[in-house]
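See below for the structure under consideration.
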Amino acid sequence: MSVLGCGYLGVTHAAGMAELGHQVIGVDVDIAKIAALAGGRSPFFEPGLDELISRNIAAGRLSFTTSYEEAAAADVHFLCVGTPQRDGGAADMSYLDAVVETLAPFLVKECLIVGKSTVPVGTAARITSMLRVLAPAGEAVSVAWNPEFLCEGKAVSDTLHPDRLVLGVPDERAEKVLREVYAPIIDAGVPVVVADLPTAEVIKTAANSFTATKISFINAIAEFCEASGADVTVVSEALGYDARIGRQFLNSGLGFGGGCLPKDIRAFQARAYELGVGQALAFLAEVDAVNLRCRERVVEYLRKQCGGAFTGRRIAVLGAAFKGGTDDIRDSPALHVANIVSAQEGEVAVYDPQAMSNARRAFPHLVYENSVLEAVRGADAVAVLTDWPEFVTLNPYTLGDEARSRNIVDARHALDPTQWLRAGWNYIAPGRPALQASLNEPVDSLV
Ligand code: UDX
């Protein structure tokens, strides 16, 4: 099989399929990326992935190329390129279309094209029509859609042990091929949902929209908690015990970012408007708005801690990745906050355990330090913006000796507030007003 597009999704999928015993060739137009992969190195940080790549290259099951002609010999082709956001919120399909157009002339025998990228509903049908015209093998080329649900940071286990497999297929023949591809996973008891093509496409965008909505729900509750004196972390805990709700994705704080959720909810809305049912998904605009407000509120807390303005102040930003466990900075809430503070004349000192080089490349105007202590040295306020495990165990006394003022915004609820308050820190966490005694307005309008 071939895997077209060697980003987070493609590389993990290629290595995962080789691990299942298949002969896999990964394809990308980026020569440097292919060279790194051929040498057994993932172009990004993902736990366990380097080992998986090296092991399967050594076993002779995994190789990489920039040649579509070479890849065309495969029986199954997975489409794994990005579908980023374009102006207006809709998905940019140019990479996907380019891959199909480049591959098609080489398709001279029966094969199955399997889309994994997140796409607007109707894409599989459109690609089927393109291939009918462009591929010499014509009707012998089928298109299926098999969305990927992997989360960065646990992409390897999500690929090899998924919660479910969604097989969007046009006919039984395509289903049979996909069942063969995933046989070891299916034999292990993973549920399989067989669907038609539009249903498979919708499942993916619906899943991401649901998780985004869940996060924004709890962040909206956090805003309400702040106005009413309640504690959102206790609300999350109690709601989580309800089996109908579940505790996952109820962590309030700085909201969602990354290469998927923000763009997917916008593309889903754009497609709904195209189909004349914009009203049905209009609530996703509110999900987006609540999410972006989380970032503004954290800037506001920091500004208060800095005495009302950032000019001449140093702010230590702990975390640059969009979440812990990855070096991905795409739509990172942490860097968004850092950039707003910097634009308002604050000196921002960033530290992240993995994402420093990506952050430095994208935002060279920020200051980067090699450790938490160096970032905090001389800081007027500290902001914990990514949920890295190493931040959870930070010592409030050690940091207190380095900072100019003991101000901290714990935007991811990563710290134990009792310890930080005891060490004399002015501690703020979104949705926990009782802990911010010095800044909290009394709740006097409830009677
Ligand atoms: C997401 C989807 O979960 C995955 O199924 C899809 O295939 C790709 O997009 P990912 O982008 O890796 O995966 O991140 P995810 O773990 O979903 O987190 C997204 C964002 O939400 C992160 O910024 C994270 O910090 C934030 N988040 C997550 C919260 O703010 N609160 C939570 O409770 C959970």
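The values are calculated or read from the model by the stated rules, or taken from the named source; none is laboratory data. Fair warning: this is a prediction, and the values are worked out from it, not measured in the lab. Backbone-built Cβ (ideal geometry, glycine too); neighbour counts: all protein chains shown. What goes into the accessible areas is simple: the full protein's heavy atoms, side chains included, and nothing from ligands, DNA or RNA. Shrake-Rupley method; radii C 1.70, N 1.55, O 1.52, S 1.80 Å.
Please work out if ARG422 is in contact with an Asp or Glu (Cβ under 6 Å, 6 or more places away or on another chain), more than 16 Å from the ligand (Cβ to nearest atom) and either more than 24 Å from GLY259 (Cα to Cα) or of a type in the set (D, E, K, R) (or both). It would help to see each step written out before you state the result.
Values: in contact with an Asp or Glu (Cβ under 6 Å, 6 or more places away or on another chain): no; more than 16 Å from the ligand (Cβ to nearest atom): yes; either more than 24 Å from GLY259 (Cα to Cα) or of a type in the set (D, E, K, R) (or both): yes.
Answer is no for this residue.
If you scan the range 300-346, which residues turn out to be on the phi > 0 side of the Ramachandran plot, acidic (Asp, Glu) and either surrounded by 24 or more Cβ atoms within 10 Å (Cβ to Cβ) or within 16 Å of the ligand (Cβ to nearest atom) (or both)? If you could, list the steps in order and put the result at the bottom.
Restricting attention to the range 300-346, the residues satisfying the condition of being on the phi > 0 side of the Ramachandran plot are 307-308, 312, 319, 325, 331, 345.
When the remaining residues are screened for being acidic (Asp, Glu), the result is 331, 345.
ASP331, the sole residue that qualifies.
Which residues, taken from the range 113-152, are of a type in the set (Gly, Ala, Ser) and either within 16 Å of the ligand (Cβ to nearest atom) or part of a strand (DSSP E or B) (or both)? It would help to see each step written out before you state the result.
Residues of the range 113-152 that are of a type in the set (Gly, Ala, Ser), as a first pass: 115, 117, 122, 124-125, 129, 135, 137-138, 140, 142, 144.
Result: GLY115, SER117, SER142, ALA144.
What about ASP410, is it without any contact (Cβ under 8 Å) to a residue 12 or more places away in the chain and either among the charged types (D, E, K, R) or open to solvent by less than 10 Å² (accessible area, probe 1.4 Å) (or both)?
Working: without any contact (Cβ under 8 Å) to a residue 12 or more places away in the chain: no; either among the charged types (D, E, K, R) or open to solvent by less than 10 Å² (accessible area, probe 1.4 Å) (or both): yes.
No.
Find the residue count for the range 419-447, including only residues that are at pLDDT 95 or above and surrounded by fewer than 21 Cβ atoms within 10 Å (Cβ to Cβ).
So the count comes out to 6.
Residues that are open to solvent by 10 Å² or more (accessible area, probe 1.4 Å) and farther than 19 Å from SER157 by Cα: find the helices (runs of 4 or more DSSP H) completely inside the range 1-78 holding 1 or more of those.
On the way: elements: 8-19, 31-38, 49-58, 68-71.
Passing ranges, in order: 31-38, 49-58, 68-71.
Just to be sure before I move on: is GLY40 on the phi < 0 side of the Ramachandran plot, touching a Ser or Thr at 6+ places or on another chain (Cβ under 6 Å) and of a type outside the set (A, V, I, L, M, F, W, C) in the structure I sent? Show your work before the answer.
Details: on the phi < 0 side of the Ramachandran plot: no; touching a Ser or Thr at 6+ places or on another chain (Cβ under 6 Å): yes; of a type outside the set (A, V, I, L, M, F, W, C): yes.
Criteria not met by GLY40.
Quick test of your reading of the structure: GLU180 fulfils all but one of (1) within 27 Å of THR128 (Cα to Cα); (2) surrounded by 15 or more Cβ atoms within 10 Å (Cβ to Cβ). Name the failing condition by number.
Just one mismatch for GLU180, condition (2).
In the range 249-286, how many residues are part of a helix (DSSP H, G or I) and more than 12 Å from the ligand (Cβ to nearest atom)? Write out each step before concluding.
Taking the range 249-286 first, the residues part of a helix (DSSP H, G or I) are 261-274, 278-281, 283-286.
Now restrict to residues that are more than 12 Å from the ligand (Cβ to nearest atom): 266-274, 278-281, 283-286.
Counting residues in the range 249-286 that are part of a helix (DSSP H, G or I) and more than 12 Å from the ligand (Cβ to nearest atom) gives 17.
For the structure I just gave you, tell me whether ASP50 is more than 26 Å from ALA195 (Cα to Cα), without any contact (Cβ under 8 Å) to a residue 12 or more places away in the chain and within 26 Å of the chain's Cα centre (by Cα). Even if it seems obvious, please write down each step before you answer.
Numbers: more than 26 Å from ALA195 (Cα to Cα): yes; without any contact (Cβ under 8 Å) to a residue 12 or more places away in the chain: yes; within 26 Å of the chain's Cα centre (by Cα): yes.
Yes, satisfied.
Which of the following residues is touching a Ser or Thr at 6+ places or on another chain (Cβ under 6 Å) and either away from the ligand (no atom under 16 Å from the Cβ) or among the polar types (S, T, N, Q) (or both): ALA174, ALA188, ALA183, ALA155? Please lay out each step first, then the result.
Values: ALA188 fails: touching a Ser or Thr at 6+ places or on another chain (Cβ under 6 Å); ALA183 fails: touching a Ser or Thr at 6+ places or on another chain (Cβ under 6 Å); ALA155 fails: either away from the ligand (no atom under 16 Å from the Cβ) or among the polar types (S, T, N, Q) (or both).
Matching residue, one of ALA174, ALA188, ALA183, ALA155: ALA174.
Across the range 154-177, which residue is surrounded by the fewest Cβ atoms within 10 Å (Cβ to Cβ) among those that are closer than 27 Å to ALA140 by Cβ and not charged (D, E, K, R)? Walk me through how you get there before you give the answer.
Applying the first criterion (closer than 27 Å to ALA140 by Cβ) to the range 154-177 yields 165-177.
Subset that is not charged (D, E, K, R): 165-170, 174, 177.
Working: LEU165: 19, VAL166: 22, LEU167: 22, GLY168: 27, VAL169: 25, PRO170: 17, ALA174: 22, VAL177: 20.
Restricting to residues being closer than 27 Å to ALA140 by Cβ and not charged (D, E, K, R), the top hit is PRO170.
May I ask you to list the residues in the range 183-203 that are open to solvent by 40 Å² or more (accessible area, probe 1.4 Å) and closer than 30 Å to ALA272 by Cα?
Listed by number, the residues that qualify are PRO191, VAL192, VAL193, VAL194, ASP196, PRO198, THR199, VAL202, ILE203.
Within the range 355-374, count every residue that is outside any helix (DSSP H, G or I) and crowded, with 21+ Cβ neighbours inside 10 Å. Can you show your working first?
Our first condition is that a residue be outside any helix (DSSP H, G or I); within the range 355-374, this holds for 355, 363-371.
Now narrow it down to the ones that are crowded, with 21+ Cβ neighbours inside 10 Å: 355.
Selection size over the range 355-374: 1.
Is there a residue in the range 234-248 that is surrounded by 14 or more Cβ atoms within 10 Å (Cβ to Cβ), under 16 Å from CYS151 (Cβ atoms) and within 8 Å of the ligand (Cβ to nearest atom)?
no
Take the residues in the range 129-139 that are open to solvent by 30 Å² or more (accessible area, probe 1.4 Å) and not charged (D, E, K, R), then tell me which one is farthest from LYS204 (Cα to Cα).
At the first step, the residues of the range 129-139 found to be open to solvent by 30 Å² or more (accessible area, probe 1.4 Å) are 129-130, 132-134, 136, 139.
Applying the additional criterion that residues be not charged (D, E, K, R) yields 129-130, 133-134, 136.
Details: SER129: 22, MET130: 23, VAL133: 28, LEU134: 28, PRO136: 31 Å.
Across the range 129-139, the extreme among qualifying residues is PRO136.
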